[in-house]
Amino acid sequence: MKRILILLLSLVPVMVFAGEAKDMAQDPVVEKRMIGLAENLRCLVCQNESLASSHAELAEDLRREVREQIKKGMSDKEIVDYLVSRYGDFVLYDPPMKTSTALLWFGPFLLFLMGGAFLFYQLRKRNQVMPEAELSPEAQKRAAALLNNDIDNKA
Amino acid sequence: MMRYILPFVAFVVIAAFLFVGLNLNPREVPSPLIDKPAPAFSLPQLHEPEKQFSPQDMLGKVWLLNVWASWCVSCKDEHPVLMALARQNLVPIYGLDYKDKREDALNWLARGGDPYVLSAADIEGRIGIDYGVYGVPETYVIDKQGIIRYKQIGAVTVQSLEEKILPLVKELQNK
């Protein structure tokens, strides 16, 4: 009796382990594809985490969903389209080019152009504001005298 | 003159962007399902698991689908509002009990009251994914043709009812 009990108890850790690792062990190819996809998808709950790294319950469910769809033989694009149709472009870390995302895509270039134009304008203005002053010989003499005088006074 | 106008214009533009931006809620993900047919499903009812509930049963009526769970904290805030709405009999409220244990859910309703005509039990959360649920509670307004017209993310409040949900329900009912 005791022996059987010990034997049964010694099996417990094995069974627990088998339960936890099931998903991975079932099909490493599916798992790899799932992780590859999930790395480029955003978790809806912890919004700065990818679906692959998030521990939120929803992320786990979504990973399960992706896993099942891979097993059904759906292509990567079909799976991503499915998630976008449910959660919107928000799930994509790489948002598509659309009218609603135009500002996102072109905004930085627009700011760059605006900054460039501003710089160009300022530099040109500065050149215009400080032209070389042309002085007559007398004025130059006076200026030199004043400048020297100034130095003398300070000294 | 230009030296004053340019910085001022820049200030106004930045202030306008910030004013809009700071008033947006980054947690709110707009649903792509608005104006699309409500995804079909057939789930066992919470109270009578041998019976099924499907959105098809609701064609011809304007109704609310409220996603809730006994483990959800904001659902507690929302609950009295839904109870009051149910008493007014303006629009039928159906529940989608999301990732919950049946007993917990039944206990929760027994304790706080049941505003739902009936609840469907989505134990594994699969239907939730079909509906793009990412935080409970969420509420969908579905029209007579079975099209989702509005999604309330987070708890239904008296304010959101009066300003958005009830006017929309009335408009859809008169169509």
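Key figures
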item	result
For the stretch A:22-94: rounded, prolate or oblate by the Cα gyration tensor [a/c cutoff 1.5]	oblate
DSSP-loop trypsin sites (Lys or Arg not before Pro) across the stretch A:32-92, with at most 15 other Cβ within 10 angstrom	A:72
Charge tally in the Cβ shell below 10 Å around residue B:153, where Lys, Arg are +1 and Asp, Glu are -1, residue B:153 excluded	0
Disulfide-incompatible cysteines by the Cβ rule (no partner under 4.7 Å) in the protein assembly as shown	A:43, A:46
Solvent-accessible area buried by pairing B with A, both sides, nearest 100 square angstrom, 1.4 angstrom probe	1600 Å²
Number of partner chain Cβ atoms within 10 Å, mean per residue of B:29-42	2
Residue-span extension gain [residue A:6 to residue A:48] - 0.36 nm each, minus C-alpha spacing	10.3 nm
Environment charge of residue B:62, counting only residues whose C-beta is closer than 12 Å and scoring Lys/Arg +1, Asp/Glu -1	+3
Solvent-accessible area, 1.4 Å probe, carbon plus sulfur percent, for the protein assembly as shown	63 percent
Compactness index (Cα Rg / 2.2 N^0.38 Å), the protein assembly as shown	1.61
Pair residue B:175, residue A:102: separation of 7 Å Cα→Cβ label points (nm)	2.9 nm
The stretch B:1-69: chymotrypsin sites (Phe, Trp or Tyr not before Pro) in DSSP loop, at most 10 other beta carbons within 10 Å	none
Antiparallel %, DSSP beta bridges [both residues in the stretch B:31-173], to 5	60 percent
20 Å Cα-Cα threshold exceeded, pairs from A:32/A:77; A:98/B:151; A:32/A:72	A:98/B:151
Low-density loop positions, GluC sites (Glu not before Pro), the stretch B:36-138 - DSSP coil, at most 13 other Cβ in 10 Å	B:50, B:124
Per residue solvent-accessible surface (Å²) - the protein assembly as shown, probe of 1.4 Å	65 Å²
Nearest-0.05 FRET efficiency for residue B:123 and residue B:61, computed from C-beta distance (R0 25 Å)	0.45
Cα-Cα P(r), the stretch A:69-132, percent of pairs per 10 Å interval	18, 25, 18, 15, 11, 8, 4, 1
Compactness of chain B, expressed as Rg and Dmax over alpha-carbon positions, Å	19.8, 79
Chain B: calculated mean residue ellipticity at 222 nm from DSSP helix runs of at least 4, using -39500 (n - 2.57)	-11500 deg cm²/dmol
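The values are calculated or read from the model by the stated rules, or taken from the named source; none is laboratory data. Just so it is clear, the model here is predicted, and its values are computed rather than measured. Note that each Cβ is placed from the backbone with ideal geometry, even for glycine, and that neighbours are counted across all protein chains shown. Each accessible area value is taken on the protein alone, full model and side chains, heavy atoms only, with ligands, DNA and RNA left out. Shrake-Rupley method; radii C 1.70, N 1.55, O 1.52, S 1.80 Å.
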